[in-house]
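Asks: Take a look at the following structure, please.
The values are calculated or read from the model by the stated rules, or taken from the named source; none is laboratory data. Please read these numbers as outputs of a predicted model, since none were measured by experiment. As a convention, Cβ positions derive from the backbone with ideal geometry for all residues, glycine included, and neighbour counts pool all protein chains shown. These area figures cover heavy atoms from the full protein model, side chains too; ligands, DNA and RNA do not enter into them. Shrake-Rupley method; radii C 1.70, N 1.55, O 1.52, S 1.80 Å.
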Amino acid sequence: MPRQSAVDHGPDHVEIEGRLTDELASVIAAARRRALRDGDRQIDTAHLLHTLLESDPDVRALFDGPQVARLLGYLVQRSIGYGLRWQIGVEDAGALPGAPGTPGWSPVAARAMGQAYDRAVRRGERSAHGVDLLAALVVATGSRAVEVLAAVGVDVGAVARRVVRTGEAR
């Protein structure tokens with residue numbers, strides 16, 4: 001999977017990866033490596049969630065302590081074979097038929113990246129952070145990230161509310 005722009009955003013095709021914090025850019029690079037290592041054709045929302053949880057303390061703080069351990073355990077199982085059923089398909093929950101894709105990214109993951117950047121811009125910032133990406137992931141109904149969260153008993157609505165409160169506090 002060659003290095004690709006995270007997503008084309010709007011008519012000007014803004015490259016989101018150039019507008020990320022260094023920390024979030026590292027998350028994207030790790031998600032790309034994880035997808036390759038797992039044999040997946042695309043970076044999906046579960047790859048993004050996994051790398052966010054591993055590397056971003058602000059994201060981990062939005063979950064109850066035991067939830068982080070359960071999530072990481074579940075995601076590790078996925079990466080060592082549990083996710084084989086995901087390798088055969090494209091994560092496209094809620095994608096519009098015929099919508100242009102972003103090579104190397106599931107449609108849902110690409111959309112989440114765009115939403116993370118939009119969230120940062122609405123706050124008056126030029127760069128998206130890990131919490132911005134988490135905000136997009138937890139509202140991506142039907143995505144693999146939401147499926148993972150539900151599988152370990154995380155109340156996605158509660159996490160979404162914590163994310164909103166965190167954004168308001170900035």
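Asks: Across the stretch 149-170, what is the total count of residues that are under 15 Å from ALA46 (Cα atoms) and crowded, with 21+ Cβ neighbours inside 10 Å? Steps first, answer last, please.
Replies: Of all residues in the stretch 149-170, those under 15 Å from ALA46 (Cα atoms) come to 149-152, 154, 156.
Keeping just the survivors that are crowded, with 21+ Cβ neighbours inside 10 Å gives 149.
Qualifying residue count for the region: 1.
Asks: Turning to a different aspect of this structure: How about the stretch 13-75: which helices (runs of 4 or more DSSP H) wholly inside it have at least 1 residues that are within 12 Å of the chain's Cα centre (by Cα) and at pLDDT below 95? Talk me through it step by step, then tell me what you get.
Replies: On the way: elements: 22-38, 45-55, 57-60.
Answer list for the stretch 13-75: 22-38, 45-55.
Asks: Looking only at the stretch 119-153, count every residue that is touching a Phe, Trp or Tyr at 6+ places or on another chain (Cβ under 8 Å) and within 15 Å of LEU48 (Cα to Cα) and tell me the total. So that I can check it myself, show each step before the final result.
Replies: Going residue by residue through the stretch 119-153, those that are touching a Phe, Trp or Tyr at 6+ places or on another chain (Cβ under 8 Å) are 128, 132, 144, 148, 151-152.
With within 15 Å of LEU48 (Cα to Cα) added as a condition, the list becomes 128, 132, 144, 148.
Adding up the residues that qualify gives 4.
Asks: Another question, then. Checking VAL90 against (1) surrounded by fewer than 22 Cβ atoms within 10 Å (Cβ to Cβ); (2) under 25 Å from PHE63 (Cα atoms); (3) modelled with pLDDT under 75, only one condition comes out false. Which one?
Replies: Failing condition for VAL90: (2).
Asks: Limited to the stretch 28-67, what total is found for residues that are among the β-branched types (Val, Ile, Thr) and open to solvent by 20 Å² or more (accessible area, probe 1.4 Å)?
Replies: The qualifying residues number 0.
One line per residue, one yes/no per condition, for (1) modelled with pLDDT of 90 or more; (2) among the aliphatic types (A, V, I, L, M); (3) at positive phi:
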residue: TRP86; (1), (2), (3): no, no, no
residue: PRO97; (1), (2), (3): no, no, no
residue: GLY101; (1), (2), (3): no, no, no
residue: ALA109; (1), (2), (3): yes, yes, no
residue: ARG119; (1), (2), (3): yes, no, no
residue: GLY124; (1), (2), (3): yes, no, yes
residue: SER143; (1), (2), (3): yes, no, no
residue: VAL152; (1), (2), (3): yes, yes, no
